[in-house]
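The values are calculated or read from the model by the stated rules, or taken from the named source; none is laboratory data. Bear in mind the structure is a predicted one, so any value in this text is a computation, not a measurement. Note that we place each Cβ from the backbone using ideal geometry, even for glycine, and neighbour counts take in every protein chain shown.
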Amino acid sequence: MPRSAAIFCAAAFLSTSAFAATTATVTIDATANRHAIDPRIYGVNFATPQELALLNAPLNRNGGNATTSYNWLQNATNLGRDWYYESYPGDGAKAGADADAFVAKSKGANAEPMLTVPLIGWVAKLGNNRSILPSFSVQKYGAQCDTDYWDPDAGNGWTADCSSYVTGNDPNDSYVADTPADEQKWVRHLVKRWGTSDAGGVKYYLMDNEPSIWFDTHRDSHPIGPHATEYRDKVVAAAAAIKQVDPHALVAAPEEWGWEGYFYSGYDQQYAPTHGWTWPDHDGSMQNGMDYIPWLLSEWKKAGHPVDILSLHFYPQAGEDGDDHSRRMQLLRNRSTRQLWDPNYTSESWIGEPVYLIPRMKGWIVDNYYAGTPTAITEYAWGAEKHINGATTQADVLGIFGREGLDMATRWTTPKPTTPTFKAMRMFRNVDGHGNGFGDTSVKAAVKNPDVLSAFAALRQDGAMTVMVINKSLDDDTAVHLKLGHFTASGTAKAWRLTASNTIQALSDITWSGGTLEDTAPKQSITLYVLPK
């Protein structure tokens, strides 16, 4: 073959292969795997009324480390490790003002507020004229490794040489003691202000925040990790106090931070690293070898069902929840959402085991508590909020929540409305600005490789089939074939798409026939198809 002919053939090959879209088939069966999608999976943390309205969000959680020490009477909180262990005043001196404002803003946007009830035993105390108080005063405990720029008396609780913790501090420096009876007074206040949970009041009470790592986040007031029995008993007492005032209120626990917190008490997590990785609570007479969450559920079952919702937190542990959007990290995000559902996927982090979190939670419920108890993930994030990879991952997560039958979720925290990740969330609940989006009855949608292209299908109340197609590929547009089983064989679909352009675009109508809709999904895009019945 002449050299010129070879060059021509090579060019022709490139024009028909390197730039051609790959192909993916989404097989949908409107009669298979049908179950309701709980709208509460589309919740958030700390959203403004405007954000709640744009997202059509059903839940707004008031959580995080600061809520562990919220003093409703003084309207103050200690920020713990997050900010120099300082007690700060809230917005105004009126009792419960910050929490009441949160409830008002949430309800004003048709979202149910979720409030965190402190269980640690100490809540924030303020100084004269509502002044800030430090837990590790330099004047009292000596020079420290670092101090608050704005208050040089507020140390970070490390010795001056940064080698060890300051120990022996007095919690009374910046806290006052707290009991379930004190928190019950707060619930009485909330009921008086907003009504009972079944009459427009606060429905959801969370049993503190990530209690097994109090020894780290709040070591100024709880320097020793709580034993399994301590947290068990605190929840029983707090739940009883709440339900004495509001019998229909729903209690969520244990709000644990992540992987180790699912299996080991706070005492064990603190003890093991310096004692040959032994676990006294887990392996001793307290838990008798039973993992922490199942043990708590079995103990709460014996106590008469004080907990109404099994709630956990989950963050991927290989850096996915940060801002890194290198190629390596984007591909990892594309895969690591499998940790929510796939028993055959091993976490590519220090966890090094299959997580399959949602099925695992449901198994714990069935084996150790009351079948049908709702499951919740009240903190999660996969990062890269400002990048399209964060958006495609967020859409994948929400699709998984619905398909796997999770009951509740609140993302930590709410992305800015200008970000593609926020807009990915809108695709499910308010794609057109009129409260329309993905359906509420999940049905089967099968794809060959969900690490590259994932898809989710649901029927809407108006009878429409909705299909969310997420092309995760960093490089390739994909020719998509939606194969529709047990559904209308032909018609005209509407579609909306989010790409790296960071705009939700209404597409031209798409005609389908012969039970197949064909389209091309651009690389790193999210497309919602709405096929009328």
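Exactly one residue out of D367, D321 is within 30 Å of Y205 (Cα to Cα), out of contact with any Phe, Trp or Tyr (no Cβ under 6 Å at 6 or more places or on another chain) and of a type in the set (D, E), and it is D367.
Out of G463, G437, one residue alone is small (G, A, S), closer than 17 Å to G402 by Cβ and not in a strand (DSSP E or B). It is G437. Of the numbered criteria (1) crowded, with 23+ Cβ neighbours inside 10 Å; (2) under 26 Å from the mean Cα position of the chain (by Cα), the one W83 fails is (1). Annotation note: of T520, T527, the sole residue that is touching a residue at least 12 places away in the same chain (Cβ under 8 Å), in a strand (DSSP E or B), surrounded by fewer than 18 Cβ atoms within 10 Å (Cβ to Cβ) and of a type outside the set (D, E, K, R) is T520.
Just to be sure before I move on: is N129 in a loop (DSSP other than H, G, I, E, B), surrounded by fewer than 19 Cβ atoms within 10 Å (Cβ to Cβ) and of a type in the set (S, T, N, Q) in the structure I sent? Judged against the criteria, N129 is not a match. Taking the condition in the same structural domain as Y315 (by TED's automatic domain parsing), buried (at least 22 other Cβ atoms within 10 Å of the Cβ) and more than 24 Å from the chain's Cα centre (by Cα), does I242 pass? Yes. When both residues are 6+ apart or on different chains and their Cβ atoms are under 9 Å apart, which pairs have a first residue that lies in the range 142-157 and is closer than 21 Å to H222 by Cβ and in contact (Cβ under 8 Å) with a residue 40 or more places away in the chain, and a second that is of a type in the set (K, R) and crowded, with 17+ Cβ neighbours inside 10 Å? Close Cβ pairs satisfying both conditions: G157/R219.
For the range 432-450, name all the residues that are surrounded by fewer than 18 Cβ atoms within 10 Å (Cβ to Cβ) and touching a Leu at 6+ places or on another chain (Cβ under 9 Å). Can you show your working first?
Just the residues of the range 432-450 that are surrounded by fewer than 18 Cβ atoms within 10 Å (Cβ to Cβ), to begin with: 432-435, 440-441, 444, 446, 448-449.
Selection gives G433, D440, T441.
Selection of the range 366-389 for residues being within 17 Å of A409 (Cα to Cα) and not in a loop (DSSP other than H, G, I, E, B) yields T375, A376, I377, T378, E379, Y380.
Is it true that L406 is part of a loop (DSSP other than H, G, I, E, B) and either assigned by TED's automatic domain parsing to the domain that holds E256 or crowded, with 24+ Cβ neighbours inside 10 Å (or both)? Yes.
Listed residues A458, A500, A489, A464; which is modelled with pLDDT of 95 or more and within 24 Å of P415 (Cα to Cα)? Reasoning before the result, please.
Values: A458 fails: within 24 Å of P415 (Cα to Cα); A489 fails: within 24 Å of P415 (Cα to Cα); A464 fails: within 24 Å of P415 (Cα to Cα).
Criteria check complete, one pass: A500.
Being within 30 Å of Y204 (Cβ to Cβ) and assigned to a helix (DSSP H, G or I) narrows it down to one of H313, H305, H282, so name that one. None of the others qualify; the one that does is H282.
Just wondering, is there one or more residues in the range 472-493 that are within 21 Å of F401 (Cα to Cα), in contact (Cβ under 8 Å) with a residue 60 or more places away in the chain and of a type outside the set (S, T, Y)? Checked against the condition, which is being within 21 Å of F401 (Cα to Cα), in contact (Cβ under 8 Å) with a residue 60 or more places away in the chain and of a type outside the set (S, T, Y), the range 472-493 yields at least one hit.
In contact with a strand residue (DSSP E or B) (Cβ under 6 Å, 6 or more places away or on another chain) and either assigned by TED's automatic domain parsing to the domain that holds Y380 or closer than 28 Å to A109 by Cα (or both), is that true of A479? Before the answer, list the steps.
Numbers: in contact with a strand residue (DSSP E or B) (Cβ under 6 Å, 6 or more places away or on another chain): yes; either assigned by TED's automatic domain parsing to the domain that holds Y380 or closer than 28 Å to A109 by Cα (or both): no.
Taking the combined requirement at face value, the residue does not satisfy it.
Can you confirm whether the range 91-109 contains a residue that is within 21 Å of R193 (Cβ to Cβ) and assigned to a strand (DSSP E or B)? Within the range 91-109 (the criterion being within 21 Å of R193 (Cβ to Cβ) and assigned to a strand (DSSP E or B)), the answer is no, since none of the residues qualifies.
Scan the range 489-512 for residues that are within 14 Å of D432 (Cα to Cα) and either of a type in the set (V, I, T) or in the same structural domain as E385 (by TED's automatic domain parsing) (or both) and the total you get is 2. Which one of the conditions (1) over 16 Å from the mean Cα position of the chain (by Cα); (2) crowded, with 24+ Cβ neighbours inside 10 Å; (3) hydrophobic (A, V, I, L, M, F, W, C) does L59 fail to meet, given that it meets all the rest? Status for L59: all satisfied but (1).
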